[in-house]
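Shown next, in structure tokens, is the structure this report addresses.
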Amino acid sequence: MNGVYIIGGAQTDFERNWTKEGKGVIALMRELVADGLKDSGVSYDDIRQLNAGNRVACFVGNFLGEKYNNQAHLGSFLTEVDPVFYGVPSARYEAACASGSAAIDAASARIKTGDYDLAIVLGWEMMKAVDSQTGGDYLGQAAYYEKEAQGVEFPFPKLFARLVDEAIGKYRLEEKLLMDMLAQIAVKNYTNAKRNPHAQTRKWFMSYNQAASRGSETNPLVGGKLAVSDCSQVTDGGALVILAAEEYVKKRGIKAPFIKGYGHRVAPILLDKKIAEASHSPFVLPWTRQAVLEAYQRAGMTIDDIDFIETHDCFTISEYLSLSAFGITEPGKEYQAIEQGLTAFNGRIPVNPSGGLIGCGHPVG
């Protein structure tokens with residue numbers, strides 16, 4: 001099978017509000033494609049030639065375009081970016097917060113089987129087109145909406161707050177210790193974001209005192225024990241990568257990183273079932289652990305081979321629980337990695353040096 005190489009990419013500035021700029025989805029896509037092609041050294045003429053031989057395809061990740069932007073059939077909209085995309089195979093992939101990952105997975109599979117030489121993969125979301133309460137209701141559709149989110153104000157903070165309670169109970173943690181660790185995660189990710197020129201919060205303020213003062217006027221609680229500082233951002237933006245087959249890379253003498261391994265698992269959709277199933281495991285998130293192990297196995301690596309980690313910190317508790325899933329600590333001992341500074345920017349294994357979803361931003365698709 002072909003290797004899958006990453007020959008270029010682009011990300012929009014997550015600080016931007018595209019609705020206030022008077023720009024829509026097509027403008028966002030045009031910027032992403034232009035920047036991504038420039039970064040990769042691929043031209044529109046290259047795409048035209050590859051399309052003539054049916055050797056290029058596009059894969060679009062998006063979660064809720066139908067809600068936020070009143071638009072579906074999103075795989076077809078690259079034809080509005082440039083006529084060169086007329087006829088290029090393209091489809092939209094949706095897997096809630098993993099929509100972009102699902103698009104990469106699909107693109108990688110088609111390159112490995114030899115169907116395409118080049119794949120353009122982009123994920124995006126324009127979330128600031130609606131108010132926060134409406135957006136929170138939309139996001140509830142990533143849960144079992146009828147049973148877990150309908151009629152609930154900001155359902156996801158409340159759902160993830162239950163994971164805080166589960167960690168306290170499962171591992172017999174002192175509440176103050178865990179909440180202190182979560183505050184430190186928030187501060188770390190906001191601080192890391194200041195180094196990232198595309199991060200949404202790079203100009204924002206966050207200190208430990210601010211993050212730890214949950215329930216205050218400047219850091220109100222939004223669900224259970226979780227406050228604003230524990231939550232990822234509402235973000236407009238997108239990212240793009242251009243994937244290429246090994247033969248394509250070799251012919252052009254391109255030096256590029258490649259995808260070594262992946263893991264893909266799905267947990268029960270209902271949180272009650274997630275928690276019930278995890279009662280038989282030392283991990284609060286056992287399917288996350290399984291996906292990590294499969295990625296390591298496919299890559300022929302262990303945690304000791306990893307230089308840094310970007311993980312899905314939709315809430316601080318998500319990053320916290322991921323530390324054992326990655327194998328940095330034993331389950332229940334995640335606080336040790338934070339106390340020892342292992343996950344700090346200058347630590348042995350930095351976690352979310354980009355700022356993560358809390359600092360960099362979280363356009364869900």
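List of remarks:
- Test result for ALA106, hydrophobic (A, V, I, L, M, F, W, C), open to solvent by less than 30 Å² (accessible area, probe 1.4 Å) and over 27 Å from THR19 (Cα atoms): yes
- Residue that is open to solvent by less than 30 Å² (accessible area, probe 1.4 Å), of a type outside the set (Ser, Thr, Tyr), within 30 Å of LEU74 (Cα to Cα) and modelled with pLDDT of 95 or more, where the choices are ALA239, ALA256, ALA227: ALA256
- Residue pairs meeting the criteria (Cβ under 7 Å; at least 6 apart or on separate chains; first in contact (Cβ under 8 Å) with a residue 12 or more places away in the chain and of a type in the set (Asp, Glu), in segment 318-339; second open to solvent by less than 30 Å² (accessible area, probe 1.4 Å) and part of a loop (DSSP other than H, G, I, E, B)): GLU319/THR311; GLU319/ASP313; GLU319/ASN352
- You will find that of THR79, THR12, the residue that is hydroxyl-bearing (Ser, Thr, Tyr) and under 20 Å from LYS128 (Cα atoms) is THR12 and no other.
- Residue match in segment 267-286 (condition: open to solvent by 70 Å² or more (accessible area, probe 1.4 Å), modelled with pLDDT of 95 or more, over 19 Å from ILE104 (Cβ atoms) and within 19 Å of the chain's Cα centre (by Cα)): yes
Conditions tested, residue by residue: (1) part of a loop (DSSP other than H, G, I, E, B); (2) open to solvent by 10 Å² or more (accessible area, probe 1.4 Å); (3) within 30 Å of ASN62 (Cβ to Cβ).
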site: ALA167; (1), (2), (3): no, no, no
site: LEU173; (1), (2), (3): yes, yes, no
site: LYS176; (1), (2), (3): no, yes, no
site: ASP180; (1), (2), (3): no, yes, no
site: ASN196; (1), (2), (3): yes, yes, yes
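The values are calculated or read from the model by the stated rules, or taken from the named source; none is laboratory data. If you're wondering where the values come from, they're calculated on a predicted model, not measured in any experiment. With ideal geometry, Cβ positions are generated from the backbone for all residues, glycine too; neighbour counts draw on all protein chains shown. Side chains are part of the model used for accessible areas, which takes the heavy atoms of the whole protein and leaves out ligands, DNA and RNA. Shrake-Rupley method; radii C 1.70, N 1.55, O 1.52, S 1.80 Å.
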